[in-house]
Amino acid sequence: MKRTAIVALLLMLISGANSQNIKKPAEFLGYEPGTQFTLHHQALDYFKYIAGNSDKVVYRKYGKTGEGRELGVVFVSAPENISNLEEIRKDNLVNTGFMEGEKTGMQMPLVWLSYNVHGNESVGMEAALKTLHTLVAGNYEGVDDWLDNCVIIIDPCQNPDGRDLYTNRYRRMQSVKPNASPDDWQHHQPWPSARLNHYLFDLNRDWTWQTQAETYQRLRLYNSFMPHVHADFHEMGSGSSFFFPPGADPWHNAITPWQHKFHELTGEANAELFDKSFRLYFTKESFDLFCPSFGDTWPLFNGAMGFTYEQGGGGYSGLALARETGDTLTLEHRIEGHFLASMATIKASYENRERLVKEFNDYFLSGLEKPVFEYESVVIKGSNDRSSVKGLFELLDKNQIRYGVVKNSGKKYKGFDYLANKESEFEITEGDFVISARQPQSHMVKVLFEPDSKYNDSLSYDLTAWALPYIYDLKAYAVKEKIAADDDGSGMPAFDKNEVPEKTPYAYIADWNGFNELKLMSGLLKNKYRVRSMLKPFSTADKDFNRGSLIITRGDNKDKVEEFDKDINGMANDCEVKLYPVYGGMSQNGKDLGSNYSRPSYDPDIAILGGDGVSTYGFGELWYFMEREIEYPVTVLTLDYFSSVNLTKYDVLLLPSGSYKKHKEKLTDFVKQGGRLVLFDDAIKLFSGDKSTNLYKAVEARKKEEEKEEDKLKTDDKEHLKRFEHSRRERLKSRSSGSIYRIKLDDSHPYAFGLGKEWFMMRNSSDHYPFLAKGNNIAYILENEPVAGFAGNEFKEDVKNTIIVASESMGRGEIVYLTDDPYYRAYWKSGRILIGNILFR
């Protein structure tokens, strides 16, 4: 007994000695924190240095960014816990139902602190350095007890690409001594914003969707541990103080009473530290807890205590910023804010550790007994497009939601039909899938499949609708009965690969069903194959084919005789597309393969326009779509040199939402000479005011109609009397908070091929355009009410009978109008078909 005690004492002394010898950030970096912005690799080197010199810390790499920078975290705890980290991890998963095995009693709170998800919210990584050193040095009250009873996980920088872009720019611009003047150039960084990652995505809106490499890799590690607490550290405007929990309304009703209570407890812990330092702060404002895309809500829906912290400052503030209040906001002051919030979060977790763990376990295990979702089961019809179902399952896997093949084929049920937006009867057929609400992720099933999420306040920070069947455009039903799945855990059946036929085909045909066929078309065109697509339905080889079906004939590709069959089948297999070889050009029904209705497509040269005044989000989505989704070559042009670009080499020019007035003449000439100009959202204004366009004529006609119908208020009408405190709510009347609308389609138009007669799309833009009297009205809204989500009364009045997609001719070319974003944040996957059609048809 004495020997054991002596050994334990010696270990403590050695550990303490090691902690005393650990270099402070200033000693390691060569400058005091707050006097310089640290580059990402320097911070990572410091984290690795600590891990290499302290038995309280272990470093783990979890991936790399789009630009190749390393992503990593450290685990900080008492040496014994670090030695048993794998056992602690497994016991946590066993206790929550995510892993089978015996409980070992090793479970303890895992507290994950995440910094710098936005690159230009530049204090995050600096605060992470101070937080790590403080925990290891043990020179803060309570730290030893915290580490004995908790494991702290620190991710110093979730967005290294954005962070280094900001830091390198700032270092390039900064003066010898910090210039606090708001006019100095160091406070005004150029396009594109360093807030975002390589592809210009907001990583704090990607948690559920995991479209970006940084998010997916981080959450793969997160899911392997399932922390009990997650805090996400941000910055807001330089004129604000500091925000900490509790969050603002609306709170999603999947958030438990204990999660509400812990928000209050953590808020009190923060208030105690901030009050001692006489620091200003606020709670319960602006930052709500409703949409699942964020670094506070996604952890909440995964059973954890999810928090957002917002320090006043941001990239605009630099090292020092003179504020209108007369004081100077320094980086040092901002570091201290996030440091205090980090300490308060760990302290509250430690003090409530037993209940924290118990409630966390109950959160998941209760879903097995009594699901929180009003529906027991969600059935996904097996007849849906393969790529859409596969995309859904990939998302479910990322969110640890279980699914399987339905057992009882032939049985009829009544359920909520998502696409019809009403209750209806349906029959289970072979190949249907089911997602049961009775599983550890019961809360997440509710959040992601609830047809229309309920909110107690329409004044939301972000979106109000996101039900997955609408995102993937899937035939699906939510059923109040329990529907069993096969026990083998089977999901998507393996693709039955194409083989080169023994007999030489006249052509190969691919039925146009969804994204897989689009990706095949992209690959064929990129590899210089000539592809036809049929404008009308037709039948051949005893099969019916949809409009837009791809036809690859041997006669169109005589320059590829030797590799033709092997290439076509190989590319189709890679894209999981079923090919139908045919041995003649005459159809059984409809137009023949060589008809003028069988329109050839050639490889278009495509460019995207970016630069100052262009939406970074809209630009990034299109860039990502071209490079990562369809893997088709694209040229990026920016406005600073656009006037000198020869546009005759391009066939399609994509203009994300933005202002292009200075280049209108050049863009008009591009269209008149035969180019296809695709305008998104605000870019449409370039031609909506052009008297020569049919869009202008439609807009003017609508204005005159509205002027006749308008019941104008008199100047003395009391309707003008609006309370100042209600001004934000007044603005809500004319906007949509990411509501979902039913879109009607002209399915005979090539741009709508593969979308059917109806489709669903998120509406965010407040601009509404009427039908074109001359031109093509391809996609449009005929109803006031959204299918799901919040839309203000004025918005609902204005949105009815407006276009979503339209086109008109100009000279030898064409202008295509898209009034909103069909590929929103790269997770609205059904919109990919629309964009692909516009590019290649």
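Below is a table of values for the structure above.
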read-out	value
Qualifying positions in the range 816-841 - in a loop (DSSP other than H, G, I, E, B) and not charged (D, E, K, R)	THR819, PRO822, TYR823, TYR827, TRP828, SER830
Within the range 550-566, considering residues that are under 40 Å from the mean Cα position of the chain (by Cα) and closer than 8 Å to ALA507 by Cα, the one surrounded by the fewest Cβ atoms within 10 Å (Cβ to Cβ)	THR553
Inter-residue pairs, beta-carbon under 7 Å, first within 14 Å of SER809 (Cα to Cα) and in the range 660-679, second outside any helix (DSSP H, G or I) and open to solvent by 50 Å² or more (accessible area, probe 1.4 Å), 6+ apart	VAL671/GLY811; LYS672/GLY811; LYS672/ARG812; GLN673/GLY811; GLN673/ARG812; GLY674/ARG812; GLY675/ASP651; ARG676/ASP651
Among (1) part of a helix (DSSP H, G or I); (2) in contact with a strand residue (DSSP E or B) (Cβ under 9 Å, 6 or more places away or on another chain) - the single one MET571 does not satisfy	(2)
Filter result for SER533 (assigned to a strand (DSSP E or B), within 25 Å of LYS558 (Cβ to Cβ) and open to solvent by less than 20 Å² (accessible area, probe 1.4 Å))	yes
Residue match in the range 212-234 (condition: in contact with a helix residue (DSSP H, G or I) (Cβ under 6 Å, 6 or more places away or on another chain) and open to solvent by 10 Å² or more (accessible area, probe 1.4 Å))	no
Some residue of the range 153-165 being closer than 29 Å to LEU639 by Cβ, in contact with a helix residue (DSSP H, G or I) (Cβ under 8 Å, 6 or more places away or on another chain) and open to solvent by 30 Å² or more (accessible area, probe 1.4 Å)	no
Condition broken by ARG599, with the remaining ones in (1) crowded, with 19+ Cβ neighbours inside 10 Å; (2) in contact (Cβ under 8 Å) with a residue 60 or more places away in the chain satisfied	(1)
Number of the exception - GLY570 against (1) touching a Pro at 6+ places or on another chain (Cβ under 8 Å); (2) of a type in the set (Gly, Ala, Ser); (3) open to solvent by 10 Å² or more (accessible area, probe 1.4 Å)	(1)
Conditions (1) in a loop (DSSP other than H, G, I, E, B); (2) surrounded by 22 or more Cβ atoms within 10 Å (Cβ to Cβ); (3) of a type in the set (Phe, Trp, Tyr); number of the one not met by TYR769	(2)
One residue from LYS48, LYS64 being of a type in the set (Lys, Arg), over 29 Å from GLN107 (Cα atoms) and either without any contact (Cβ under 8 Å) to a residue 60 or more places away in the chain or surrounded by fewer than 22 Cβ atoms within 10 Å (Cβ to Cβ) (or both)	LYS64
Residue list for the range 418-441, filter: closer than 16 Å to TYR470 by Cβ and open to solvent by 10 Å² or more (accessible area, probe 1.4 Å)	LEU419, ALA420, ASN421, LYS422
Of all residues making up the range 550-568, the number that are of a type in the set (Val, Ile, Thr) and assigned to a helix (DSSP H, G or I)	1
Test: TYR824 is surrounded by 18 or more Cβ atoms within 10 Å (Cβ to Cβ) and within 24 Å of THR208 (Cβ to Cβ)	yes
Residue check for LEU419: at pLDDT 95 or above, within 23 Å of ASN513 (Cα to Cα) and part of a loop (DSSP other than H, G, I, E, B)	yes
Residues of the range 345-372 satisfying the condition of being at pLDDT below 95 and either assigned to a loop (DSSP other than H, G, I, E, B) or more than 28 Å from ILE152 (Cβ to Cβ) (or both)	LEU368, GLU369, LYS370, PRO371, VAL372
Count of the range 301-360 residues which are surrounded by fewer than 19 Cβ atoms within 10 Å (Cβ to Cβ), under 23 Å from GLN36 (Cβ atoms) and either hydroxyl-bearing (Ser, Thr, Tyr) or in contact with a Pro (Cβ under 9 Å, 6 or more places away or on another chain) (or both)	5
Positions within the range 602-638 being under 22 Å from SER533 (Cα atoms), in contact with an Asp or Glu (Cβ under 8 Å, 6 or more places away or on another chain) and open to solvent by less than 10 Å² (accessible area, probe 1.4 Å), in sequence order	ILE606
Filtered residue count, the range 29-45, keeping only those that are within 22 Å of PRO178 (Cβ to Cβ) and open to solvent by 60 Å² or more (accessible area, probe 1.4 Å)	3
Cross-chain or 6+ apart pairs with Cβ under 8 Å, the range 479-501 first and closer than 22 Å to SER424 by Cβ and among the acidic types (Asp, Glu), then assigned to a loop (DSSP other than H, G, I, E, B) and modelled with pLDDT of 95 or more	GLU481/GLU376
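The values are calculated or read from the model by the stated rules, or taken from the named source; none is laboratory data. Bear in mind that the values here come from a model prediction, so they are computed numbers and not experimental data. No Cβ is skipped: glycine too gets one built from the backbone with ideal geometry, and neighbour counts run over all protein chains shown. The accessibility values were calculated without ligands, DNA or RNA, using every heavy atom of the protein model including side chains. Shrake-Rupley method; radii C 1.70, N 1.55, O 1.52, S 1.80 Å.
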